[in-house]
Each structure stands twice: as C-alpha cells, then as structure tokens.
Amino acid sequence: FGSDAVGGFSATVGNPPWDVIQPNTQEFYINYDPDFRKCDKQEALSIIKKLHMMQPNIAEKWEAYEAGFQEASLYCKEPEAYTCLQKGKIDLYKAFLERFLTILRDEGRMGIVVPSGIYTDQGCQTLREMFFNHSQSDFLYCFENRWPTVFSAVDGRFKFVLFGSKKGGSTDRFKCAFMEHDPERLPIIDTNALKMSVEHVKKFSPDTLSVMEFKNQHDIDITTKVYGDWPLLGNKL
C-alpha cells in the first residue's frame, strides 16, 4: 500500500462470488445424477457409494476435485497471497475485497457488492483495519434482499452491502445507511446518509471494529454520549 507503488487500476467495480472455497458434493455429483440435489443426507451418501462402486473413475475424479480445493486453500492461506484469509473459512468475497483494493493505484476507487459480514463478522476485522488504515472509505449502504428481491437465488432475509472506498490515506468518517430495501432509492439514501467516524467504530467496538447499525444521526450522538469516556464492561481497570 506504499505511496511509491507503480501502476495499478484507476477503478475496480464488481459483485464477486459469495461462495466459500470448499468441495461441494451437490455441485460435483449432479453431473452424474440429475436429481442429486433433491436427496437428503442419507440418500446422497447411498448414491455416492453406488456411483463409486459402479464407476471407479468417478471416485478418482472426486479425489482430484477435492485436491484442487485443498491446493486453492493452501494458496489463500499464504500471507503473501492474502492477509484477510489467515483464519476461519475462505470466503471468496473477502479475497475479492482485498484484491480490489490491492490492485488499485493510489487515489484509485473501488465499488463492490458484498455480504453484510464486511462490517459485522469478526472474520472481517483484518479487512476493516485495512480499509480504515489504508484507504478513504466513502460509503457503506446495507440492504435487505426483499421488498423488492434483488438477488433471487439468495434468501430474502440476507443482507448485502454497497461499499466504496479510495485507495491511500486513511478513513476519518464515512457515509452509512442500514436496513434499506430498494437500490432504486440510492440517490435519496446517499443524500440522507448517516455520518459515522472511525473513532465511533473504535469506541463502540474496540476489539473487532464491527460497525453498529443506527437508524438516524441522533441515535449515533446519543450512543456516543452513553459510551462517553467510561471504560467498557469487560475492560480491565
């Protein structure tokens, strides 16, 4: 992230996969049994056993399929490859978030659609530190996937985020909105967005830098006064 870096893109934009890097029996065996997705666990195990007995080459292909994921996982866990995937499961959206920022030139901008875990999950703490310390985060707008449904293949209760940032410098404050529903209202959401400072984030969640959800600016101000300068419960005096 140094200012002496050469090259890089002016912008990165996208909606990356939200999958986890791990073998998927349904994804693999549906190629040999079109009804495999409809089976319960016991039925699926029985079908797999039968397929392996009838066609040993399928078992060999499954082993090769698994090995490919193991190799990919080992690569992703290398610190030289990704810093945000050292712990926990390997969510592809985390990898894309880090790479979207890494390949930018200084002052380059990124815009990305990702699950709400970017601002809530402990496993995304490294990413939050990266964006707060090495970029100027601009906005974080959270939507529920209903009223209307945006992603038909995703549960309606699932939340996704529109997140934008500019590489270089650090974040002082960023615009945010929560529990939104209709992306068509984005111009209005942007105009009426809340303003949250990184100091607020550090005060409300010092251990993980998770971002608390608020309905309005007044709630942020009240919470700031409630937290005040007193130590949080659990802190050692």
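The values are calculated or read from the model by the stated rules, or taken from the named source; none is laboratory data. No experiment lies behind these values; they were computed from the predicted model shown. All Cβ positions, even for glycine, are placed from backbone atoms using ideal geometry, and neighbour counts span all protein chains on display. The accessibility values were calculated without ligands, DNA or RNA, using every heavy atom of the protein model including side chains. Shrake-Rupley method; radii C 1.70, N 1.55, O 1.52, S 1.80 Å.
Grab the other residues whose beta carbon is less than 13 angstrom from that of Q70, score K and R as +1, D and E as -1, and report the net.
Taking every Cβ under 13 Å from that of Q70, the sum is -2.
Length gain on complete extension for the stretch S170 to K49, per 0.36 nm per residue less the alpha carbon to alpha carbon distance?
Extending this stretch completely gives an extra 38.1 nm.
With runs of 4+ DSSP H residues as the only contributors, calculate the mean residue ellipticity of the chain at 222 nm using -39,500 (n - 2.57) per run, divided by the residue total and rounded to the nearest 500.
The per-residue figure over the chain is -11000 deg cm²/dmol.
Once both axes come from the Cα atoms, what is the angle between helix 125-134 and the longest principal axis of the chain, in degrees from 0 to 90, rounded to 10?
Taking Cα atoms only, the helix is inclined about 50 degrees.
Given K166/K195; K77/K195; K87/K175; K195/K225; K94/K159; K202/K225, which pairs have Cα atoms separated by over 26 Å?
Pairs exceeding 26 Å: K77/K195; K87/K175.
Over region 1-114, with the other protein chains present, what is the accessible area per residue in square angstrom, probe 1.4 angstrom?
Here the per-residue accessible area is 64 Å².
Lys and Arg at +1, Asp and Glu at -1: add these up for the other residues within a Cβ distance under 10 Å of P148 and post the number.
With Lys, Arg at +1 and Asp, Glu at -1, the neighbours total -1.
Normalised by the residues of the chain, what does the relative contact order come to in percent, with Cα pairs under 8 Å and at least six apart?
Over the chain, the number comes to 19 percent.
Could you tell me what percent of the accessible area of the chain is made up of carbon and sulfur, with a 1.4 Å probe and every protein chain present?
Ligands and nucleic acids excluded, carbon and sulfur reach 54 percent.
About the Cα centre, and with charges only on the beta carbon of Lys, Arg (+1) and Asp, Glu (-1), how big is the dipole of region 141-237? Nearest 20 debye, please.
With Lys and Arg at +1 and Asp and Glu at -1, about 240 debye.
Note down the relative contact order for region 58-176 as a percent, whole number, built from C-alpha pairs under 8 angstrom at least six residues apart.
Relative contact order comes out at 26 percent.
Helix 41-54 versus the longest principal axis of the chain: what is the Cα-based angle in degrees, 0 to 90, to the nearest 10?
40 degrees
Gaussian network model of the chain, Cα springs within a sub-10 Å range: biggest mean-square fluctuation belongs to which of F160, F69, F100?
F69
Taking the Cβ of K89 as the centre, find all other residues whose Cβ is under 12 Å away and add up their charges (Lys, Arg: +1; Asp, Glu: -1).
Neighbourhood net charge equals 0.
Cα axis of helix 92-102 to longest principal axis of the chain: angle in degrees, 0 to 90, nearest 10?
On a 0 to 90 degree scale, this one is about 50.
Among A81, M130, P115, pick out the residue whose Cα is farthest towards the positive end of the charge dipole of region 69-146, where Lys and Arg carry +1 and Asp and Glu carry -1 on C-beta, about the Cα centre.
P115
Once you compute Rg and the Kirkwood Rh from C-alpha atoms, what is the Rg to Rh ratio for region 1-105?
Ratio value, two decimals: 1.14.
Give me the number: length gained by fully extending N24 to V154, i.e. 0.36 nm times residue separation minus the C-alpha to C-alpha distance, one decimal in nm.
45.0 nm
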